[in-house]
Amino acid sequence: MNPLDLNLRTAAAVRPQPARAALKSLVLPGLGQWHNGQIDRAAWFFLAFAFLCVPAMAVVALWLPPSWTAPALALGLLLTLGVWAGSVVDAWRTARRGDLPAADPLPGLATAGTPVWRMAGVTLLLVVLFDVVALPLLIITVRAYVVEPFRIPSGSMAPALWPGDFVFADKRYARNFGAPVRRGDVAIFTYPNDRTVLYVKRVVALPGDKVQMRGTELLVNGEPSPVPDAPQPPAAELQTAHVPPGSLSTDKRPAQWDMVVPPGQVFVLGDNRVASVDSRDFGTVPMHDVVGRVRQIWFSWGADGVRWQRLGRVMK
């Protein structure tokens, strides 16, 4: 092969490619910087994007004051989009100016004059490794063990939770490193008759507690346990609780309850006791099936649009 042809091919391989660099950063923040040979810069863009996507949201949900939740989430979203857009613009401008590394940052790995960071196979590997494996794995881990968002579908927990509330649940709850289950907690647990379904109810009695119910009136260890006071949702937004397959129909409940909660179990009720499928229907819930505690409402949407007054409300 003519040495001049080889030099031309090599020059073409390392020539700045602004559009391609920008497109790569659009697919994965930092990938455009990798295309430009800026390995360290690529790592920082990706790490910033990954942190803002997941761990930063967990910090907002669990440790910031409730009144800061909504603005902090909005700011976090803007910063995330800003890092993403910044990565695209930076990759395009760097390639356009031709500010490429003076020396190969990964020497010895180039093939036929093509730098390793430009190889199609390497680019695809990075996309799979970070976009398909690393980010989803980080999200799954945080949702499983730290914090997870949920949407409330029905009015069975009114007035504490309204249909259309979006809540953060503390998934450290009831684990060895989390808070113990307490009476009055609004807990998320695995539905006993279908382990693919999660329910949200209030824990009203713990192991060894004596539960007595007369209709919707509840006594725990002889003391009244009323529904906590909170604003009621509009009547039009209250939905009748769905009765899942395998549970008792609410019209077949005993008129009275008198029982002691077994060891390792909790008794749960919906605050809307006339329209809730709960321990009166499927019995007590094993403590190890309690997977989270509702901490606060971070967004709420109803028939009239955004319910601004509910944003940041802490569960009591």
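Where a number appears in this text, it was derived from the coordinates with a stated rule and is not lab data. Bear in mind the structure is a predicted one, so any value in this text is a computation, not a measurement. Every residue, glycine as well, gets a Cβ built from its backbone with ideal geometry; the counts of neighbours run over all protein chains shown.
Per-structure values
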item: Residues Phe267, Phe49, sorted so that the one with the fewest Cβ neighbours within 10 Å comes first; result: Phe49, Phe267
item: Per-peptide average of other Cβ atoms within 10 Å, ordering 303-313, 80-90 highest first; result: 80-90, 303-313
